[in-house]
Amino acid sequence: MNIYGKVAIITNKLQEANIKKSGKNKYAGYNYFELGDIVPHINKLTLEYQVMIQFTFTKDRALMRIINIEEPSEVLEYESPMAEIALKGAHGIQNLGALETYSRRYLLMSAFNIVEHDYFDAVQGREETEKKQLISEIRKMCRERAVDDESKKSLLERFPSLKRIEELDILTLKKLKSNI
């Protein structure tokens, strides 16, 4: 069987495996696949269907090759640009390890069509709602504290960001609210 047939079968069998997501994003409220959730299933199937997966990382890109062991000239390649990562309190080598782990996971998910909840869809509506709520609360607090024109002027001088409040991110809005 050629490499395309093998990858198609592996993809199908991975979908049938009903793999459980063990990763939890508490902020956005969703679960995701960790590398440890999918690699054991992939390893079993690649052994069964005689394909090998090889990763290569350079400064600029992550490359994954799926090689047909029975016909090594048959190779599928998947690549992704590298991005910066800076984990809190991590050393350079730990950041590099995290970057390679993320890259491996995303390349495997791409190659075997493993579908996962989209973070951006999950938080987009929630962030907009939270932002509108914060802006409303800040404006209300300002109205309550600024009873005359001089008080309003003083608030704008103390917090110039109030003039462009819609442009602020949620973290800045929370800081602003706590300082009013």
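Each value in this text was obtained by applying a stated rule to the coordinates, not by laboratory testing. Quick caveat, the model's predicted, so the values are computed rather than measured. Using ideal geometry, Cβ is built from the backbone for each residue, glycine included, and neighbour counts are taken over all protein chains shown.
Going toward the positive end of the dipole of segment 3-117, with +1 on Lys and Arg Cβ and -1 on Asp and Glu Cβ, which of 17, 112, 72 do you reach last? Farthest along the dipole direction, towards plus: 17. Taking a ≥ b ≥ c as the square roots of the eigenvalues of the alpha carbon gyration tensor, segment 3-117 is oblate, as a/c is not under 1.5 and a/b does not beat b/c. Looking at this model, which pairs from 44/88; 88/140; 24/132; 20/132; 24/175 are more than 29 angstrom apart at the alpha-carbon? Checking Cα-Cα distances, 44/88; 88/140; 20/132 exceed 29 Å. Between residue 139 and residue 19, the distance separating the two model label sites (each 7 Å from Cα on the Cα→Cβ line) works out to 4.6 nm. Think of each Lys and Arg Cβ as +1 and each Asp and Glu Cβ as -1; about the Cα centre, that makes the dipole of segment 1-117 roughly 520 debye.
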